[in-house]
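Below: the structure, in structure tokens.
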Amino acid sequence: MSNIEALKKELVDTVKAANDIAALEEVRVSALGKKGKVTDMMKTLGSLAPDERKQMGQALNLLKDEISAEIEARAALLRQKEMAARLQNETVDVTLSPRPFAQGTLHPITRTLEDLTAIFADMGFAVKEGPEIEDDFHNFTALNFPAGHPARQMHDTFYLPDVAGGEGDAAKRLLRTHTSTVQVHVMQNQKPPIRVVIPGRTYRSDYDQTHTPMFHQLEGLMIDKTTHMGHLKGCLIELCKRFFEVDTLATRFRPSFFPFTEPSAEMDIGCSRGKDELKIGEGGDWLEILGCGMVHPNVLKNCGIDAEEYQGFAFGMGVERMAMLKYGIPDLRTFFESDLRWLKHYGFGPQETV
Ligand code: PHE
């Protein structure tokens with residue numbers, strides 16, 4: 001028995017002396033492996049008398065378990081130490097090494113939105129924003145879309161699950177199909193005079209060269225006692241001249257229909273189309289750029305504004321369309337592909353260092 005005690009002490013000491021996982025594995029093999037010390041002693045059991053064999057067998061099994069447990073405990077400790085050492089040494093440098101780019105640039109859509117809102121800011125318009133998730137009231141009903149009106153279908157609306165416990169149209173939630181929703185929020189919360197522009201994302205289920213499921217609009221709303229169609233035309237003509245950087249610009253307001261404006265119009269600007277280029281300003285061709293009109297009295301009433309006392313105009317334009325025309329970009333989908341080569345091609349790549 002005493003040699004078992006001695007062996008145990010010896011093995012425990014060697015386990016404790018093992019300073020890494022590889023050394024510990026060697027200790028395990030030399031103790032419990034095929035030719036290990038404990039295994040060797042097991043082999044001698046056959047030559048013992050039955051009584052002694054039983055006693056010795058039990059003691060050796062116990063020793064085996066004890067040494068295994070010692071090794072496991074030591075291994076856990078060593079693994080922990082190894083991890084701590086690795087964490088110390090293998091730090092990742094998250095700071096950027098000197099990059100070939102000195103300065104990033106704004107995406108053409110951001111740039112266009114900023115340019116457009118800056119022009120309106122100069123004309124005294126404040127900037128307002130509103131939620132992208134809307135209810136049926138703000139997207140349609142308040143804007144004079146009667147229930148079941150075909151214009152609702154024309155919007156290819158993305159609907160969200162109905163509000164729990166709600167009923168009918170009031171429970172319908174959706175991704176706004178136009179920024180005209182924010183006209184409603186503004187009129188509900190602000191007394192005229194109102195003069196705002198509303199930039200933002202809008203959503204319709206559509207995808208081709210001139211449509212993406214998410215796109216941007218810039219809405220305008222002006223309400224006071226005497227605002228008329230002439231003011232609307234003046235603001236929009238001024239906007240286009242400044243945005244497209246042209247001194248002379250042919251414009252045309254064609255009668256159109258929107259449920260929320262009366263009369264309604266679409267604004268076209270003059271252009272000439274060459275083989276590979278489009279020149280904005282004058283020429284025999286026309287480009288449709290936005291929808292507009294005088295705010296329908298029903299909309300004023302729906303938003304709590306006295307339609308006998310107040311009147312005004314509204315307009316809405318597609319921001320991608322304005323950017324495509326200004327920068328000569330033929331496909332709307334490319335705005336959202338994050339392709340650096342594309343950005344560079346249209347002059348929106350990052351500025352490279354010298
Ligand atoms: N909301 C309309 C659209 O998305 C545009 C518009 C806005 C027209 C305001 C008239 C007045 O097509």
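The values are calculated or read from the model by the stated rules, or taken from the named source; none is laboratory data. Computed from a predicted structure; not experimentally measured. Every residue, glycine as well, gets a Cβ built from its backbone with ideal geometry; the counts of neighbours run over all protein chains shown. Remember, those area values only see protein heavy atoms, side chains included, never the ligands or the DNA or RNA. Shrake-Rupley method; radii C 1.70, N 1.55, O 1.52, S 1.80 Å.
Being part of a loop (DSSP other than H, G, I, E, B) and closer than 29 Å to Gln153 by Cα is the filter here; which residues of segment 196-252 pass it?
Those that are part of a loop (DSSP other than H, G, I, E, B) and closer than 29 Å to Gln153 by Cα: Arg204, Ser205, Asp206, Tyr207, Gln209, Thr210, Thr212, Pro213.
Does Leu332 count as open to solvent by 10 Å² or more (accessible area, probe 1.4 Å) and away from the ligand (no atom under 16 Å from the Cβ)?
Here the answer is no, as Leu332 does not meet what is asked.
Could you please tell me which pairs satisfy a Cβ distance under 7 Å, a separation of 6+ or placement on different chains, a first residue in segment 181-195 that is modelled with pLDDT of 95 or more and crowded, with 18+ Cβ neighbours inside 10 Å, and a second residue that is outside any strand (DSSP E or B) and among the polar types (S, T, N, Q)?
Between residues of segment 181-195 that are modelled with pLDDT of 95 or more and crowded, with 18+ Cβ neighbours inside 10 Å and residues that are outside any strand (DSSP E or B) and among the polar types (S, T, N, Q), the close pairs are Thr181/Asn139.
Identify, from the list Leu175, Leu218, Leu232, Leu236, the residue that is in contact (Cβ under 8 Å) with a residue 24 or more places away in the chain and open to solvent by 10 Å² or more (accessible area, probe 1.4 Å).
Testing whether each residue is in contact (Cβ under 8 Å) with a residue 24 or more places away in the chain and open to solvent by 10 Å² or more (accessible area, probe 1.4 Å) leaves just Leu175.
Can Thr110 be described as within 25 Å of Trp342 (Cα to Cα) and either at pLDDT 95 or above or assigned to a loop (DSSP other than H, G, I, E, B) (or both)?
So Thr110 fits the description; yes.
Being of a type outside the set (S, T, N, Q) and in contact with an Asp or Glu (Cβ under 9 Å, 6 or more places away or on another chain) is the filter; apply it to segment 129-141 and report the residue that is surrounded by the fewest Cβ atoms within 10 Å (Cβ to Cβ).
Per the criteria, the residue is Phe137.
Name the residue that is farthest from the ligand (Cβ to nearest atom), counting only residues in segment 142-172 that are touching a residue at least 24 places away in the same chain (Cβ under 8 Å), open to solvent by 40 Å² or more (accessible area, probe 1.4 Å) and in a helix (DSSP H, G or I).
Ala170
Filter segment 248-264 down to the residues that are of a type outside the set (A, V, I, L, M, F, W, C) and either more than 16 Å from the ligand (Cβ to nearest atom) or touching a strand residue (DSSP E or B) at 6+ places or on another chain (Cβ under 7 Å) (or both) and list them by number.
Within segment 248-264, Thr248, Thr251, Arg252, Arg254, Pro255, Ser256, Thr261, Glu262, Pro263, Ser264 qualify.
Scan segment 218-247 for residues that are within 15 Å of the ligand (Cβ to nearest atom) and in contact with a Pro (Cβ under 6 Å, 6 or more places away or on another chain) and jot them down.
Answer for segment 218-247, where residues must be within 15 Å of the ligand (Cβ to nearest atom) and in contact with a Pro (Cβ under 6 Å, 6 or more places away or on another chain): Leu218, Ile223.
Name the one entry in Lys275, Lys301 that is open to solvent by 80 Å² or more (accessible area, probe 1.4 Å), away from the ligand (no atom under 16 Å from the Cβ) and modelled with pLDDT of 95 or more.
Result: Lys301 is the single residue among Lys275, Lys301 that is open to solvent by 80 Å² or more (accessible area, probe 1.4 Å), away from the ligand (no atom under 16 Å from the Cβ) and modelled with pLDDT of 95 or more.
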